Amino acid sequence: MEKKEAQERIEQLSEEINEHNYRYYVLADPSISDYDYDMMLEELQRLENKYPEFASKNSPTQRVGGQITKKFPSVRHRYPMLSLSNTYSREEVMAFDQRIKKAIDEEYAYVCELKYDGVAISLAYEKGELARAVTRGDGVQGDEITANVRTIHSVPLKLRNNPAEMLEARGEIYMPHESFLNLNWEKKKKGEKVFANPRNAAAGSLKVQDSGIAASRNLDCFIYAAYGEDLPFSSHWESLQTLKKWGFRVSEDIRLCKTIDDVFGFINEYANKRSSLPYDIDGVVIKLNSYAQQEAMGYTSKFPRWAIAYKYKAEQAITILKDVSFQVGRTGAVTPVANLEPVVVAGTTVKRASLYNEDRMADLGLHKGDRVFVEKGGDVIPKVTGVDAGQRPDDAEPVAFASQCPECGTQLKKNQAVHYCPNSEGCPPQIQGKIEHFISRRAMNIESLGQGKTGLLLSKGKINNIADLYDLTYKDLIGLEKTIINPDTLKEKKISFRDKTVKNILDAIEKSKNVPFERVLYAVGIRHLGETMAKKLARHFGNIDSLMNASREELLEVRDVGEKVAESVIAFFEDKGNREIIERLKEAGLQFHTTAGEESRPAGGPLEGKSFVVSGVFANFSRDGIKEFITKHGGEVKSSLSSKTHYLVAGDKMGPEKRKKAQSLDIPVISEEELQQMAKE
Ligand code: IVH
């Protein structure tokens, strides 16, 4: 093919694919088969490979991702990204309407939209092509995440019908429920921590460095505003209609309302429809329609006076508490779980809800058979938020916290608010937790043995500890089978060890013998030994024998090693079972000494060099879980605030004194979500 001809074909194919993409993802009205679409895309990719000079950044082939962004540059917004004033009260919506009525001495109308629960995005188009996608950030400047946003099929890369030269479209990127359930299912299988809700999952997916991963997350986007000079519309409603014509995905669930009664009609309608939408919303946004009237109302420093968000309360239901069971986590932490008479909340049937810890249970004063309030906010795990004690029969039995481990019968111990099972070597979920930590990517990286598979090996008695992994043979594994059920979707999935799976597993186990000492030390699971600390100890002592024989004083000589780590290392090596396992791992050929010029990973994780104090109760983590999360990402956890602390991670019920102390020391107070975000950067 001639060069010129190739260029023309590339342009023609791009245009046609864009059109089909628009029909499929924006209009949901495809006109060709998936196969024909894939064939066109393949042809385009082939031509672009051959003639890279004609491959544009906004070619439809770029949707599959593959670009790596090490750091997302900070970009100033051309128009600041304001937020909305929020209310849960209908009276305040009435008062908002009264303010408008008073200020606007003529007819007016509102546009009602859904308040999508995702991540705000600003899309800048130059000459009709996507130039930049920027997060809200602090409203003045945000992070440029164009490569990741380009992978979202409903975000047009090229606009249709001659739009303005310069245009900024604003909208919300969100993760549909189906994508969210699939993603968490995959994460669970791999033994990774799941996302608490679709919003966190969307935010996390937009900040991945590899846009190929962003592409696999199946995000979606609704556009709800346009900014620019001389745009050809004078009201919000018109802007939405025009945005559709330009190729943007605008929700169909919008309404032009002439009266505040119509607005309440919309609010009531979607309070019911909300649970059947395929994505999360947390309310309704009410916007004055005419641009001239919007101008007349003006802005406060934070939000427009011409719009308000009415937020739906978290959905609640009342049901009966059957009993309370106790779940043992990987670290041995025991969590109380309420078993409920099934009840539908926010569109899903809830049978179990978290009770967090003994203190929370005591606050609720639960009795068997109580009528309890169950709430499902945006998060995966529902909560018990209250008890209707007035309805309680006189002879109802109070619920007591377990005294023994429900998995292995060991007497539980208590550390602050958290109970734990001290039988770390014999308690099944703890054994599984240890093995999963050992094989995880940052430890021994035996990823082909993800969660479902370790569970299968344990249940079939093929392994009982980490050293057993190195005795596994082809014969032990081939043909093993198990059906597991995704607790969220209740879909069944069969795991079976066929030839290729077994070879991959054995291969990964063999390769793990080359993992450097510092990671082996992290992998064996010494309590309180995060990646950074393991690295420091490995470098200081050089080999496992010196470390095993080190006294408390010698350990404390290592920079940043405190009492807790020193004691934990000593306790680990004093244990006969642990010493046997180390011996077996040595015999298997794992690295137990540093080698000259050894290539170790440069950073211990995104939180390296930062120290944290955690306080309060967390929604996504147990107390030990959040500490483990910090150390796993390279940070250090300290027990009390000092001028050297970098951050205070505040959960629910943190005492006011802690906050005051942090403020007096100038220590930023962050939420668990902000911590999770930091760990991703
Ligand atoms: S309009 C100046 N419309 O809510 C007004 N925002 O507090 C700008 N959001 O993070 C926002 N759905 O991303 C608007 N239909 C909608 C929305 C919406 C969700 C988010 C927005 C921002 C927050 C505003």
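Within region 261-283, being among the hydrophobic types (A, V, I, L, M, F, W, C), within 15 Å of the ligand (Cβ to nearest atom) and in a helix (DSSP H, G or I) holds for VAL263, PHE266, ILE267. Here GLU15, GLU92 are screened, and the one residue that is more than 16 Å from the ligand (Cβ to nearest atom) and over 30 Å from the mean Cα position of the chain (by Cα) is GLU15.
For region 660-672, the tally of residues that are surrounded by fewer than 16 Cβ atoms within 10 Å (Cβ to Cβ) and either part of a helix (DSSP H, G or I) or touching a residue at least 24 places away in the same chain (Cβ under 8 Å) (or both) stands at 4. Is region 76-86 home to any residue that is farther than 30 Å from ASP262 by Cβ, within 35 Å of the chain's Cα centre (by Cα) and among the aliphatic types (A, V, I, L, M)? The answer is no; no qualifying residue exists. Here GLU172 meets each of (1) part of a helix (DSSP H, G or I); (2) within 16 Å of the ligand (Cβ to nearest atom) with one exception, condition (1). Within region 353-376, the set of residues being out of contact with any Lys or Arg (no Cβ under 7 Å at 6 or more places or on another chain) and surrounded by fewer than 19 Cβ atoms within 10 Å (Cβ to Cβ) comprises GLU358, ASP359, ARG360, ALA362, ASP363, GLY365, LYS368, GLY369, ARG371, PHE373.
Select from region 423-439 the residues that are in contact with a helix residue (DSSP H, G or I) (Cβ under 8 Å, 6 or more places away or on another chain) and within 18 Å of LYS632 (Cβ to Cβ) and list them in ascending order. Within region 423-439, SER424, GLN432, LYS434, ILE435, GLU436, HIS437, PHE438, ILE439 qualify. Within region 109-121, one or more residues are at negative phi, among the acidic types (Asp, Glu) and outside any helix (DSSP H, G or I). Looking only at residues of region 330-349 that are part of a loop (DSSP other than H, G, I, E, B) and crowded, with 17+ Cβ neighbours inside 10 Å, we find that the one that is farthest from the ligand (Cβ to nearest atom) is GLY332. Among the residues of region 57-87, the ones that are within 16 Å of the ligand (Cβ to nearest atom) and buried (at least 19 other Cβ atoms within 10 Å of the Cβ) come to 2 in all. Could you say whether any residue in region 303-312 is more than 16 Å from the ligand (Cβ to nearest atom) and part of a strand (DSSP E or B)? No, the conditions are met nowhere in region 303-312.
Entry remark, region 241-293: residues being of a type in the set (S, T, N, Q) and either closer than 19 Å to TYR174 by Cβ or without any contact (Cβ under 8 Å) to a residue 12 or more places away in the chain (or both) number 7 in total. Against the numbered list (1) among the aliphatic types (A, V, I, L, M); (2) touching an Asp or Glu at 6+ places or on another chain (Cβ under 8 Å); (3) at pLDDT 95 or above, ALA333 comes up short only at (3). Total residues in region 457-482 satisfying the condition of being among the charged types (D, E, K, R), loosely packed, with under 14 Cβ neighbours inside 10 Å and part of a helix (DSSP H, G or I): the figure is 2. In this structure, ASN272 does not qualify as buried (at least 21 other Cβ atoms within 10 Å of the Cβ) and at pLDDT below 90. Taking region 112-149 as the region of interest, how many residues are surrounded by 21 or more Cβ atoms within 10 Å (Cβ to Cβ), among the hydrophobic types (A, V, I, L, M, F, W, C), more than 9 Å from the ligand (Cβ to nearest atom) and closer than 17 Å to ALA169 by Cβ? Final tally of qualifying residues: 7. Contact map, region 299-311: first residue closer than 14 Å to VAL93 by Cβ, second residue in a loop (DSSP other than H, G, I, E, B) and within 10 Å of the ligand (Cβ to nearest atom), Cβ cut-off under 8 Å, separation 6 or more or different chains; pairs are ALA307/LEU84; ALA307/SER85; ILE308/LEU84; ILE308/SER85; ALA309/LEU84; ALA309/SER85.
The values are calculated or read from the model by the stated rules, or taken from the named source; none is laboratory data. Only a predicted model underlies this, so the values are computations on that prediction, with no experimental measurement involved. Methodologically, a virtual Cβ is constructed for each residue, glycine included, from the backbone with ideal geometry; neighbour enumeration extends over all protein chains shown.
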